[in-house]
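Peer 1: My questions will all concern the structure given below.
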Amino acid sequence: MTQLPQSTERKLGLVIDLDTCVGCHACVISCKGWNTENYGAPLSDQNAYGADPSGTFLNRVHTYEVQAEGAAAQTVHFPKSCLHCDDAPCVTVCPTGASYKRQEDGIVLVNEDACIGCGLCAWACPYGARELDKAEGVMKKCTLCVDRIYNENLPEEDREPACVRTCPAGARHFGDFADPDSNVSRLTAKRGGMDLMPELGTKPTNKYLPPRPKDQLEQTDMLAPLLDIVAEDTNGFLGWLDQQLSRLPGDNKQRGK
Amino acid sequence: MHPAPSVIIFTTLSGLGFGLLLWLGMASEAPTGWEAFAFFAVAFALSVGGLAASTFHLGHPERAWRAFSQWKTSWLSREGICAVAALIVMGLYAAALIFFGRHYAILGWLGAWLSLGTIFTTSMIYGQLASVPRWNTSLTSVLYLTLGITGGALLFGKVGIALPLLLLAGAVQIIWWLTGDKAFAARGSDLGTATGLGEGGKVRSMAHPHSSPNYLMREFIYVVGRKHSQKLRAISFILMAVLPAVLLLLPFSHLFAIVAVLSHVAGVAVSRWLFFAEAEHVVGLYYGMR
């Protein structure tokens, strides 16, 4: 059913920390690994070992450079998957009812048995979160690993999306945004979690944490004298050794004189 | 946007076909017998042919019947329902005219409204998409409706009405192009808002997530088409409006009328190619492209 729920009981989603992400693409691989053999049709590849490989992925990592006026450029790795929007335009355009947003937890899913592969939902999504699988002719998208997070056959620590479970940097967090005390709500509040393309009115659930401002070079210079090595203990053998070594040419302070 | 032949054929032909059905339904003195057969055969061939072409790009055309279910939210679903309803009503209307020489005006008017509704719902499939700023305007519906009504009048041989309509269609087309050129910037989306990193400085795409183009890039980023867009606009405008208008002003001949129709259809087809090829989807921003 393509009518969006008025509100959802829970709002499950991800917080992605752009300050912490190292751009290793492990989330991309674990996502493809889990989802190609679980929910729905496999994620096919075309010409995987050829010159022009292509395939269906539900999560992709871009890399950007951000440069403020007069400052050094900063590299930001940027994982992007479905944001499970509150006002999901991909759902309402679906002619068959294959796309829907779940009332109980807000996850946006595709019922692949009803999908005609018209591609209109991918057209409606501003974020490129949906990809039409070339082999199966149906629309694929992030399920928030709906077959992991409620799966009682998995150990409890594995009941989170594959991308979150695998992230070696701890840059991805999974939780319920409807609960103001959840890990994701607190992270969003503390670090100024932001929406992507808010001007389009999609009200994304997933939030991105901006990179923290980097240190400036001038500050390093100012602190340099404080970082000078000072031997605090001048007694005993180590004290004697320090004195003798300081007499030799090439000592920092001697050079300064 | 990738200009897929299936959607260009679909919107061009079905627009023309439902335009003709509209005029046939509204006609106070509708044709009967063989003359009616000829008109309705052309109208149904265009509208049904266009609809059939639109199913070519589907991943699962055998499930197309499901597309009639979500009329509450989906313009594509509404379009399917409108099209089938228009074809059924106009089929009955046509059968009465062809086989019994009977003109049921009420059936004709109902079919005319449904035909108009089909063109409108088709335009809304594109006009509703906030992700494609060039399309996301009510002018898109005005353009589709004007072109459909004009093409139908031309096919129906309504010279007196077709002439002013051709000028109107040409004007609407130019306004749509000019406002469309400003639409992306007016929407305010750029790589800064797309990534949320814009406040920290100037954002530049440094590396794509994949080494060769994927579905998103093939479907949404089509740069080739913009190279000759101004020339193509001129060609489209001349074929769609100027040439047919000139031919209609000349002393009437069947040859001129046929050339006028063909020229108009070719102009609309070029316009539809540009409609897709020039449209920029915001997802291109993530790739540092448009």
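The values are calculated or read from the model by the stated rules, or taken from the named source; none is laboratory data. The shown structure was predicted, so the numbers you read here are calculated from the model rather than taken from an experiment. No Cβ is skipped: glycine too gets one built from the backbone with ideal geometry, and neighbour counts run over all protein chains shown. Ligands, DNA and RNA are stripped out before the accessible areas are found, and what is left, the full protein with its side chains, is counted by its heavy atoms. Shrake-Rupley method; radii C 1.70, N 1.55, O 1.52, S 1.80 Å.
Peer 1: Based solely on its DSSP helices, what 222 nm [θ] is calculated for the protein assembly as shown when runs of n ≥ 4 H residues each add -39,500 (n - 2.57) and the sum is averaged over all residues, nearest 500 deg cm²/dmol?
Peer 2: Values: 20 runs with 253 residues, N = 547.
The helix-only estimate for the protein assembly as shown comes to -14500 deg cm²/dmol at 222 nm.
Peer 1: Further question on the same structure: Give me the extension gain from A:Val22 to A:Phe237: residue separation times 0.36 nm, minus the current Cα-Cα distance, reported in nm with one decimal. Write down the numbers at each step before the final one.
Peer 2: Details: separation 215, 0.36 × 215 = 77.40 nm, distance 4.49 nm.
Gain in length upon complete extension: 72.9 nm.
Peer 1: Here is a further query. Distance cut-off 21 Å, Cα to Cα: go down the list A:Lys101/A:Lys140; A:Lys11/A:Lys207; A:Lys207/B:Lys182; A:Lys101/A:Lys141; A:Lys140/B:Lys227; A:Lys134/A:Lys207 and report the pairs above it.
Peer 2: Over 21 Å Cα-Cα: A:Lys207/B:Lys182; A:Lys140/B:Lys227; A:Lys134/A:Lys207.
Peer 1: Per residue and in cubic angstrom, what volume does the convex hull of the Cα atoms of chain B have? The partial results should precede the final answer.
Peer 2: Values: hull volume 40.7 nm³, N = 290.
Normalising the Cα hull of chain B by residue number yields 140 Å³.
Peer 1: Leaving out ligands and nucleic acids, and using a 1.4 Å probe, what accessible area per residue does the protein assembly as shown come to in Å²?
Peer 2: On the way: 25280 Å² over 547 residues.
Per residue, the protein assembly as shown has an accessible area of 46 Å².
Peer 1: Send over the per residue convex hull volume for region A:58-181, Cα only, as a whole number of Å³.
Peer 2: On the way: hull volume 21.4 nm³, N = 124.
Hull volume over Cα atoms, normalised by residue count, gives 173 Å³.
Peer 1: Then there's this: Just order B:181-192, A:167-178, A:92-103 by mean Cβ neighbour count inside 10 Å, highest at the front, would you? Don't skip to the end; give the middle numbers.
Peer 2: Values: B:181-192: 15.7, A:167-178: 18.8, A:92-103: 23.3.
Sorting B:181-192, A:167-178, A:92-103 by mean packing, highest first, produces A:92-103, A:167-178, B:181-192.
Peer 1: Across the residues of B:49-61, average count of Cβ atoms on other protein chains within 10 Å?
Peer 2: Details: counts 0, 0, 0, 0, 0, 1, 2, 0, 4, 6, 14, 12, 4.
Per residue, the average neighbour count from other chains is 3.
Peer 1: A further question on this structure: By how many nm would the segment from B:Trp109 to B:Leu167 grow when fully extended, if each residue of separation counts as 0.36 nm and the alpha-carbon distance is taken off?
Peer 2: 18.3 nm
Peer 1: How big is the B/A interface in buried accessible area, both sides summed, 1.4 Å probe, to the nearest 100 Å²? Don't skip to the answer; put the middle values down first.
Peer 2: On the way: alone 14620 and 15170 Å², together 25280 Å².
Interface area, both chains combined: 4500 Å², rounded to the nearest 100.
Peer 1: With θ set to phi - 60° and the Karplus curve 6.51 cos²θ - 1.76 cosθ + 1.60, what are the ³J(HN,Hα) couplings of region A:69-78 in order, to the nearest whole Hz, using x for Gly and Pro?
Peer 2: Result, rounded to whole Hz: 3, x, 10, 6, 5, 10, 8, 10, 8, 9.
Peer 1: Just tell me how shielded B:2-8 is by partners: mean number of partner chain Cβ atoms within 10 Å of each residue's Cβ, no decimals. List each step's numbers first, then the result.
Peer 2: Details: counts 0, 0, 1, 0, 0, 0, 0.
So the per-residue partner count for this stretch is 0.
Peer 1: Against the 2.2 N^0.38 Å scaling, with N counting residues, where does the protein assembly as shown land? I'd like the Cα-based Rg ratio to two decimal places. Intermediate results must be reported in sequence, preceding the final value.
Peer 2: Details: Rg = 30.4 Å, N = 547, 2.2 N^0.38 = 24.1 Å.
Expressed relative to 2.2 N^0.38 Å, the Cα Rg reads 1.26.
Peer 1: So if I take the centroid of the Cα atoms in region A:1-77 and the same for region B:196-219, what is the distance between those two points in Å?
Peer 2: 12 Å
Peer 1: Leaving ligands, DNA and RNA out of it, report the carbon-plus-sulfur percent of the accessible area of region B:150-290 at a 1.4 Å probe.
Peer 2: Details: 4500 of 6290 Å².
Accessible surface attributable to carbon and sulfur in region B:150-290 totals 72 percent.
Peer 1: Can you list residues from other chains, or at least 5 along the same chain, whose modelled amide H is less than 5 Å from the amide H of A:Ser99?
Peer 2: Distant-sequence amide H within range of A:Ser99: A:Asn111.
Peer 1: Give me a single rounded figure for A:56-62: the average over its residues of other chain Cβ atoms within 10 Å of their Cβ. Walk me through the numbers on the way to the answer.
Peer 2: Values: counts 2, 5, 0, 1, 6, 4, 12.
What the average comes to for A:56-62 is 4.
Peer 1: Next question. Report the extension gain between A:Asp147 and A:Lys214 in nm, rounded to one decimal, defined as 0.36 nm multiplied by the number of residues separating them, less their alpha carbon distance.
Peer 2: 20.2 nm
Peer 1: Let me ask another. State the dimensionless ratio Rg/Rh of chain A (Rg: radius of gyration of Cα atoms; Rh: Kirkwood radius). Present the calculation step by step, with values, prior to reporting the outcome.
Peer 2: Working: Rg = 25.4 Å, Rh = 21.5 Å.
Result for chain A is an Rg/Rh of 1.18.
Peer 1: Set the Förster distance to 30 Å, then compute FRET efficiency between B:Val259 and B:Ile174 from the Cβ-Cβ distance, nearest 0.05. Each step should come with its number before you reach the end.
Peer 2: On the way: r = 23 Å, r/R0 = 0.77.
Calculated transfer efficiency: 0.85.
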